[in-house]
Each structure stands twice: as C-alpha cells, then as structure tokens.
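Taking it in order: structure first as structure tokens, then the write-up.
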Amino acid sequence: LAMDRVQDWDGFVAAMSRWKIPAENIVYADIDGDIGWIPAGLMPIRDNWLGLLPIPGHTAEYEWTGFRTVDELPRVKNPAEHFVATSNHNILPRDYPFDLGFDWTPPYRFHRVHEVLTQGRKFTIEDFKKLQHDETSLPARRLIEMLRNLPKEGSEDFQTARQILEEWDKVMARDSQAAALYEVWQEETIVPEFVATQLPEEARELVAQNIELPTLFDLIDALPSGSRNQVLSRSLEKAFSRTKELLGKDPKAWRWGSIHKAHFTHPLASNEARRTVFNRGPIERGGDAYTPNRTSGGGYIQRHGATYRHILDFADWDNSVFTSAPGQSGQPESPHYDDLASLWADYQYAPLVYSRTAVEANTVNRLILNPASKLKD
C-alpha cells in the first residue's frame, strides 16, 4: 500500500523501508524523468558469521542482531548511463560493505541488455519488445570463439558440427538448427568431458552439478592447448551424435523449438480427460537460461522465465503494452482461459490501457457482482 501512494523518489525510498518480503530488485521511474533502483527486503545483520555454513545454536553468539535499514541498502538514482537493469546477477556495488547475498546467476543476460541499451540511440516500445524477447547468447559467442582456434582437423561429424556453429549468428531462435546443437553441447556433453579429463574421479560429480558456465569457460580457456582442443572437439562430436538422437540424422531438419517447449499444466489435471480440459501447450520456445528471453529448465522444458511482461510509456500511459499466458481467466470454459497463449508464444503484446476512455474502448466483458440484499443463516 505504501508503494501505491508513492509520488516521487523520496516517497519511493520511504516506501522501501516498509517492504519486507520477498527481497526483490525494485526499479523506479516517474513522469518527471527520474529513475532508480533499490534491492529491498529484510536483510539480517549477522555479526559473527555469513550464513553460508551451519553454526552452533545453543548460544546467543550467532543470533541475528536486527535488519539493515533502507539507508544501508545499495541504491541508484539517475545513473550516468540513463538506464537501470537487473537480471538476477550480482547487483552489489564493488565497494559495498555488507553481505546481502551470495547466490547469483551468471551476468550474461544483464550484459546483453547493457550491450543493447548502450548503442547511443533512442528506443521505442517496439525496441523494448525485441529486447524483452532477445535471444542472443553471449556464452555461445565465447564458446564458439574458442572453437575457432582449434586445428582444422577431426572427424566428419566434428567438422560438420563446427561449420554449423561457426556460421551461426548466436541467436537461440526456436527455428535455429545451430541453436539446437549448441544447447545439447552446452547442457549435455561439455561439462562431462571436462570433468572426466581434468578432475579426479571423486570430485567429478560434485563439480559437474555445481560449476557455473563462466567458471567452466575460464577453466577450459586456461588449459594447455592440447587439453583444451581435446575437451572442445570430443564434447562437440558427442553433442552432434546426441542431437541426431534427439532430432534425427539430417542436421538440416534440426530446430531448437522441436525439443525446447513450454507446458501449462494444471494441478487438477490428474487424468487424460482433465488434462484435455485444463492443460495447454506444448509451445515451442527460443532462448535459454542465459538470454534476456530466459526460458530455462531441465530436459529442454521451460520451467523458468516470464509469463508476464509489460512496457510502460510514461509520456502516454495508454500507449503501454503487456504480454502474458495462457489467459486472463481461470475458467476453462471461458474464451479468455487461453486467449493470450498464442500472443505470448509469438512474442506479441496486447494493450495495457490506463485512462477510463481507453479502458471502456478495450473492454470485452464486464463482470458485475451484486451482494445479496440479506444475509441468510
């Protein structure tokens, strides 16, 4: 409620002192052109420990001693680059003195957003539609750059796979042949090949389950050339074979969206009849865990990412747009149960209107709830 009453930046900061849980990156903008960011939430003060490991609980030595005030949290107002962006990456300033968190995603999505927004031009709503669904892979750029440095030799499968990737634009589009091969390489074969050849057996499973992509690439890049070439070539050859298993023997027919899909499953869909009524999908998806259009999930099924997005025009609220899925109604018999799914699937938007005139012009149905005139026993 405090957020709903905010009129300016100072009011926003004051409202953040009332934001408790969940801890979130909260971004701010107003019609006067001010923008900003505060990571708000209850951040405990731990005097003698970080919260990462078990500690003795039978004394008061390791008790929390309060929570950080909003004035102790990092913040940004009107930065020099004229934008604020967060993508679950490490948002703490380099000189920030407190430990607020340790579990961050790799910064690839943020770096891609930063790359686009620092092009030195003005952006339209259409530009932001594209950015919200941008599927350019920065990890693919780096990995394939390492691939280019390999000797021009190897099996026929390796040479074919190499050519497919080196000619690719590094966009994880759902109809991309190369995106399918790359994702199998990244997800299924390069980590096992690295740990099998570079680590003792007792460490392999632990590292394979927890290594982050930037760390993996750094370690591969630091290997002697012979070992690096072996990890890259063998893992890519295995990825090519595995992609054949998933998508068929003809690489020209491969499509990333053929295996990468989103399902809208309902908790009441417990048998075939109910699945027909309640569930929607599958919907082919582009992107992956590291693109601005985040579509991550094990087994090539999207389980994470945005169903709802909006783009707000502060100069004309009625010019704002949104996308969501599968629909705005929870009633399976309603035409609005899944009428947004096709827009969402094709990266399309609908009006997010604000003024009374625009709301009435865009209204399709009106639901009126009349309370009973008398309460019955």
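The values are calculated or read from the model by the stated rules, or taken from the named source; none is laboratory data. All of these numbers come straight from a predicted model, not from anything done at the bench. All Cβ positions, glycine included, derive from the backbone under ideal geometry; neighbour counts span all protein chains shown. Please note that ligands, DNA and RNA were not included when accessible areas were found on the heavy atoms of the full protein model with its side chains. Shrake-Rupley method; radii C 1.70, N 1.55, O 1.52, S 1.80 Å.
Among Ala173, Ala208, Ala239, the residue with the largest mean-square fluctuation in a Gaussian network model of the chain, with springs joining Cα atoms closer than 10 Å, is Ala208.
Entry note, the chain: the mean residue ellipticity at 222 nm calculated from DSSP H runs of n ≥ 4, each adding -39500 (n - 2.57), is -10000 deg cm²/dmol after division by the residues and rounding to the nearest 500.
Distance between the C-alpha centres of the stretch 176-198 and the stretch 37-65: 39 Å, rounded to the whole angstrom. Under a Gaussian network description of the chain, with springs only between Cα atoms under 10 Å, the residue in Ala222, Ala273, Ala161 that fluctuates furthest is Ala273.
Loop-located chymotrypsin sites (Phe, Trp or Tyr not before Pro) in the stretch 291-345 (DSSP state not H, G, I, E or B) with no more than 14 neighbouring Cβ atoms inside 10 Å: Tyr308, Phe314.
Taking every protein chain into account, the accessible area of the stretch 32-180 amounts to 58 square angstrom per residue (probe 1.4 Å). Here the Karplus curve 6.51 cos²θ - 1.76 cosθ + 1.60, taken at θ = phi - 60°, turns the phi angles of the stretch 229-245 into couplings of 4, 5, 4, 5, 5, 5, 5, 5, 4, 5, 5, 4, 5, 5, 5, 4, 4 Hz, with x standing for Gly and Pro. Shape descriptor for the stretch 263-377: Rg over Rh equals 1.07 (Cα atoms; Rh from the Kirkwood inverse mean 1/r).
What FRET efficiency, computed as 1/(1 + (r/R0)^6) with R0 = 41 Å and r the Cβ-Cβ distance, is obtained for Leu206 and Asn48, rounded to the nearest 0.05? Computed FRET efficiency for Leu206 and Asn48 comes out at 0.90. Put the Cα centre of the stretch 98-135 next to the Cα centre of the stretch 249-273 and the gap is 28 Å. Spin-label model, Asn90 to Glu272: label points 7 Å out along the Cα-to-beta-carbon direction sit 5.2 nm apart. DSSP bridge analysis restricted to the chain gives an antiparallel fraction near 90%, rounded to the nearest 5. When the Cα positions of Met172, Thr59, Ala358 are compared along the charge dipole of the chain, Ala358 comes out farthest toward the positive end, with charges on each C-beta of Lys, Arg, Asp and Glu.
The longest stretch of the chain left intact once loop-based trypsin sites (Lys or Arg not before Pro) with at most 13 other Cβ atoms within 10 Å are removed from consideration, loops following DSSP, is 153-248. Around the Cα centre of the stretch 132-248, unit charges on the Cβ atoms of Lys, Arg, Asp and Glu (plus for the first two, minus for the last two) sum to a dipole of about 240 debye.
For the chain, the relative contact order works out to 12 percent when only alpha carbon pairs closer than 8 Å and six or more residues apart are counted.
Eigenvalues of the alpha-carbon gyration tensor of the chain, scaled by 5 and square-rooted, set the equivalent ellipsoid semi-axes at 40, 31, 23 angstrom, largest first.
What residues qualify as long-range amide H neighbours of Thr136, i.e. H under 5 Å apart, gap of 5 or more or another chain, H built at 1.01 Å from N? Under 5 Å from the amide H of Thr136 lie the amide H atoms of Met172, each far enough along the sequence or on another chain.
For Glu245 and Tyr354, the difference between the fully extended length at 0.36 nm per residue and the C-alpha to C-alpha distance is 34.2 nm. Around Ser176, with a cut-off of 10 angstrom between Cβ atoms, what is the net charge of the other residues, counting Lys and Arg +1 and Asp and Glu -1? Charge balance in the 10 Å sphere: -1.
Here the dipole of the chain is about 780 debye; that uses its Cα centre as origin and unit charges on the Cβ of Lys and Arg (positive) and Asp and Glu (negative). Neighbours of Asp318 by Cβ distance under 13 Å: Lys/Arg scored +1, Asp/Glu scored -1, total -2.
Between Asp169, Asp134, Asp32, the residue with the greatest mean-square fluctuation in the GNM of the chain (Cα pairs under 10 Å linked by springs) is Asp32. Across the stretch 201-323, C-alpha contacts under 8 Å between residues 6 or more apart give a mean separation that, scaled by the residue count, equals a relative contact order of 13 percent. Pairs of lysines in the chain whose Cα atoms sit within less than 19 Å of one another amount to 8, provided the residues are eight or more positions apart or on different chains.
Taking the protein heavy atoms of the stretch 125-254 in the context of the full set of protein chains, the accessible area attributed to carbon and sulfur is 46 percent at 1.4 Å.
Of the residues Trp37, Ser87, Thr136, the one whose Cα sits farthest towards the positive end of the charge dipole of the stretch 34-150 is Thr136 (charges of +1 on Lys and Arg Cβ, -1 on Asp and Glu Cβ, taken about the Cα centre). Over the Cα atoms of the stretch 332-371, the radius of gyration divided by the Kirkwood radius equals 1.05; this is the Rg/Rh ratio.
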